[in-house]
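The values are calculated or read from the model by the stated rules, or taken from the named source; none is laboratory data. Computed from a predicted structure; not experimentally measured. Cβ coordinates were reconstructed from backbone atoms using ideal geometry, including for glycine residues, and neighbour counts include every protein chain displayed. Ligands, DNA and RNA are stripped out before the accessible areas are found, and what is left, the full protein with its side chains, is counted by its heavy atoms. Shrake-Rupley method; radii C 1.70, N 1.55, O 1.52, S 1.80 Å.
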Amino acid sequence: HVKCVSSPFSKQYIPISNINTLWTLTFNSDTVKSKTPMVLLHGFGGGVGLWAQNLDALSQHRPLFALDLLGFGLSSRPQFSSDIQKAEDQFVDSIEQWRTKTGLETMILLGHNLGGYLAVAYAIKYPGRVKHMVLVEPWGFPECPDTAEADRPIPVWIKALCAMFSPFNPLAGLRLVGPLGPALVQTMRPDFRRKFSSMFSDNTVSEYIYHLNVQTPSGEAAFKNMTLPNGWAKRPMLQRMDQLHPDIPITIIYGSRSSIDSNSGSVIKHMRPNSHVEIITIRGAGHYVYADQPEDFNRSVLHVCETVD
């Protein structure tokens, strides 16, 4: 995915505690050094490469960092605690150790899916470090509805990523099929090839997603543990929004065609009447908003960030 990005950047493993490392892309030209950096946190089963259509645009106005979350992508794959609070703390503390190592004082945190959930968990624990939060199709906010509603269809992205949810880890199917993996990704998610068709005419994206997820299922096992069998969070983030400092502004971005319930955005707005909460819907985008409609997404995020510095 590197050849698609025209802005200069560096890539390295940032060391954190317990000899773990977090794979990181850094865009930091001299012209933007004075601005608050933006940090991108990908979603479940993802990695830095999925931001390929956003990195150039988002790095024009401020330093930009994209990292593979602990247990995902090229980052270390440690054993996570089976206690879900402790597992969440492992994710959050790895982000804080990473921030210390990279020397960032404050940041704009942009998280997709699981990354959105972890962004809020991080901001609750380290409020002084977060200037603005952008939650893109965040996972894990609402409470699991009562059984009558629990029979609602499971979102497509959970089905696709969790084709063999139980008793295996969600992506175990990919590992079981071995070299056929990229073809399985292509078959299950033909949309990914379309999403990146302006950059790749081949199966690069399917192969990237396959290689991200064919390794030791560390973050994935932790995610499975944080999740009820139907894909809802065991510790819904809406129950903890009152712990978030009221001065942290939030922007929530949804895709108009996504199966994720965008109602959480309205609930957050209602829960924080004296705080900045903005909800943006990107037309024609599904759950992977930033890949479905990259230009609209990039423009919206840049507009949101104008208020930060």
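For segment 1-119, calculate the relative contact order in percent as a whole number, restricting contacts to Cα pairs under 8 Å that are 6 or more residues apart.
32
Compute the signed sum of charges (Lys and Arg +1, Asp and Glu -1) over the other residues within less than 10 Å, Cβ to Cβ, of PHE44. Intermediate results must be reported in sequence, preceding the final value.
Details: positive: LYS224; negative: GLU220.
Within the 10 Å Cβ shell, the charges total 0.
FRET efficiency for HIS303 and ILE84, Cβ-Cβ distance as r, R0 = 45 Å, nearest 0.05?
On the way: r = 36 Å, r/R0 = 0.80.
Working from the Cβ atoms, E equals 0.80.
For GLU295 and TYR13, what does the FRET efficiency come to when R0 = 22 Å and r is the distance between their Cβ atoms, rounded to the nearest 0.05?
On the way: r = 32 Å, r/R0 = 1.43.
Rounded to the nearest 0.05, the efficiency is 0.10.
What distance in nm separates the two pseudo spin-label positions at LYS269 and ARG235, each 7 Å out from Cα along the beta-carbon direction?
Label at LYS269, label at ARG235, 2.9 nm between them.
Residues of segment 250-295: accessible area per residue at 1.4 Å, in Å²?
On the way: 2210 Å² over 46 residues.
Dividing the accessible area of segment 250-295 by its residue count gives 48 Å².
What is the local net charge at THR106, summed over the other residues whose Cβ is closer than 15 Å to its Cβ (Lys, Arg +1; Asp, Glu -1)? Provide the component values of the computation, followed by the final result.
Working: positive: LYS33, LYS35, ARG62, ARG99, LYS125, ARG129, LYS131; negative: GLU96, GLU105, ASP247, ASP309.
Overall, the nearby charge balance is +3.
Beyond 18 Å between alpha-carbons counts as too far, so tell me which of LYS86/LYS125; LYS11/LYS131; LYS86/LYS131 fall in that bin. Please list the in-between numbers first.
On the way: LYS86/LYS125 13 Å; LYS11/LYS131 25 Å; LYS86/LYS131 25 Å.
Distance filter (> 18 Å) returns LYS11/LYS131; LYS86/LYS131.
If one computes P(r) from the Cα atoms of segment 266-309, what percent of pairs lie at distances over 15 Å? It would help to have the intermediate numbers written out before the result.
Working: 503 of 946 pairs.
I get 53 percent for the Cα pairs in segment 266-309 exceeding 15 Å.
Check which residues have an amide H placed less than 5 Å from ILE14's amide H, if you skip close sequence neighbours.
LEU22, TRP23, THR24
Which of the GluC sites (Glu not before Pro) across segment 64-146 are loop residues per DSSP, with 16 or fewer other Cβ within 10 Å? Numbers along the way, then the final one.
Values: sites: GLU88, GLU96, GLU105, GLU143; in loops: GLU105, GLU143.
Answer in residue order: GLU105, GLU143.
Just the accessible area per residue of segment 1-143, please: how many Å² with a 1.4 Å probe?
Details: 4890 Å² over 143 residues.
Counting only protein heavy atoms, the per-residue value for segment 1-143 is 34 Å².
What is the spin-label model distance, in nm, from GLU278 to GLU207 if the labels are put 7 Å beyond Cα along the C-beta direction?
4.0
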